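The values are calculated or read from the model by the stated rules, or taken from the named source; none is laboratory data. Just so you know, these numbers come straight off a predicted model, no measurement behind them. Note that we place each Cβ from the backbone using ideal geometry, even for glycine, and neighbour counts take in every protein chain shown.
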Amino acid sequence: MNSALFVNIFRFIMLLAVQIIIFNNMNFLGFISPYPYILFIILYPVNSNKSGLLAASFFLGLCMDMFSNSGGFHTAACVILAYYRPYLFKFAFGLSYEYQTIKLNDVLTPERFTFLLLSVVIHHLILFTLEAFKFTLILDILLRTLLSSVFTLIICIIIIYLTKPNRR
Amino acid sequence: MQQIFNFIYKNSNRLLFLLLLGISLFLSIQSHSYHRSKLISSANFLSGGVYEKINNVSEYLNLRTQNDALAQENAKLRSLLFNAKDTSSIKKLDSLKGVNQNDIIVSKVIHNTFNTHENYLTINSGSLQGVKSDMGVINSLGIVGIIDNTSNNYATVISILNVKSQINAKLKKSNHFGSLTWDGKSTGFVQLTDVPRLASIRIGDTIVTGGQSVIFPENINIGTVSKRYYENETNYYKIDVKLFNDMTNLGHVYIIKSKNRDEIINLEKKKEKDE
C-alpha cells in the first residue's frame, strides 16, 4: 500500500515537471499543445479512495494553473475528470467490470483506448471552454479540443508504453 | 440530526466534488476579470522561482540571438551618437513629452505564453525593485504589455497578445488615435480599432503609442499597418498592425515608471467628483 502511495507521489511530481518544462513549451502551429499530465488521474489506482483522487486532482490542477497563469481552468477540468472516472470505467470496460482486474498501464486494447480517448476529450473540452468563456468562439473551442486531444492521446500512449512495467 | 450526518457521510464524495468544483469555477470566473487573484499566478514564490531556474538553463540556448539583438541595438545607438549635431552645446530638455520623467527598470522575461486567448509573461523583478501594477513594459523594438500582479521578486505582465488588453495608440504621421486590441488569432498581428474615417491610412504606416495613456509615454513603436478594413456598422477603420516585436521570442525588457501617473489620475478623479 505504501509503495503505491510513493509511486503516485512520484508520478504526480514527474508528470507535472515534464508538463511544465517540456510540453507547455510545445506550441504546434501556434496553439496546439499537449497536456499529458492528466495521465496522473487516468493511471491512479482503480480500487483506491475516491476522495483521495479528488483532492489529488484538485492540487494537480491548481499547480498547473499556477504555472501556466490560467486561473482555475485546469483545476475545474481535472476535478470533473476525476469525479466522472468511475462512470468512464463502466462505459469503457462494460457493466460487469471488476475493479481489481483493470490495468491501464499495459498493452493497448480497444477498451483501454476508449477510456483514454474519452478522458482526454472530456478534460480538453472543459479546459478550452473555460479558457475561451464565450459561445461565439465555439468553433475555435471545438477545433482546439480536437487537435489537442489527438496530440495528447499520442503522447499519453507513448508515455504508457515507455513506462509500462515489463514482464517476461 | 442523525439523518443529516448519514446523508453527509453517504454523499461525502459528491459533496467534496461540488466543493472543489465550486472553488475552481470561482477561480476561473474571477480570472476573466481584468485584475486577477494574486494567488493563482506565476508571480508567486514557488512558480516564479521554478521558472527562473528553468530560464537560467534555456537562456544558454538563446545566447546567440540575444547577442545579435544587443549588437543591433548598440549599432543603432552608436549611429545616433555619431550623428548628434553638436555634443558641446547644451541639450534642451524635452520636458514636453515627459521622457525624462520616466524612470526605467531593466528586467528579464522568465516565462512567456502566446498560445491561448489570454496570454501573460512572468518577469524577474517585483515590488522590491519598485514594480507596481499598471506600469508599462517595453523592449528595444516596441511595446510588450502592462504589469498585472507583483510579488516581492516577480511580476506578471498582461501581454499585448491578450484579448483583455486595450492600449491607446495612434498613427505616427497624423495623430489620429484608436485603441489597440488583439483578436486572439495570430501572434504577429494586433488590431487597431476605432480609427476615424478622416484619417488617411496607407499600408506600411507606423503605429505608435498615443499621448492619452498614463501607462506608456507617447511615441513608443508598436508596428506597421498591414491591412485596413472599413467597418460599415461603426463608420470607423479597423487596422491590422504587424508588430515590430516578435512576441514569441522576448529576452530583456524595460519597465516604465511614470511619476506623473498618480497626479493625472488624482486630477481626473477630482474632476469627476466635481461634476
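The table that follows gives values for the structure above.
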| item | result |
| --- | --- |
| Single condition B:Gly145 does not satisfy, out of (1) within 14 Å of chain A (Cβ to nearest Cβ); (2) in contact with an Asp or Glu (Cβ under 9 Å, 6 or more places away or on another chain) | (2) |
| A:Ile138 away from every other protein chain (no Cβ under 12 Å), surrounded by fewer than 19 Cβ atoms within 10 Å (Cβ to Cβ) and modelled with pLDDT under 85 | yes |
| Of all residues in region A:32-72 being surrounded by fewer than 19 Cβ atoms within 10 Å (Cβ to Cβ) and in a loop (DSSP other than H, G, I, E, B), the one that is nearest to the other protein chains (Cβ to nearest Cβ) | A:Asn49 |
| Count - residues of region A:19-56 that are over 14 Å from the mean Cα position of the chain (by Cα) and aliphatic (A, V, I, L, M) | 8 |
| Tally, over region A:1-25, of residues that are touching a residue at least 24 places away in the same chain (Cβ under 8 Å) and under 16 Å from A:Phe67 (Cβ atoms) | 7 |
| Given (1) more than 10 Å from chain A (Cβ to nearest Cβ); (2) at pLDDT below 80; (3) closer than 22 Å to B:Val106 by Cβ, number of the condition B:Ala43 does not satisfy | (1) |
| Count of residues meeting criterion [more than 28 Å from B:His111 (Cα to Cα) and at pLDDT 80 or above] in region B:243-267 | 2 |
| All strands (runs of 3 or more DSSP E) inside region B:156-275 with 3 or more residues being among the hydroxyl-bearing types (Ser, Thr, Tyr) | B:221-231 |
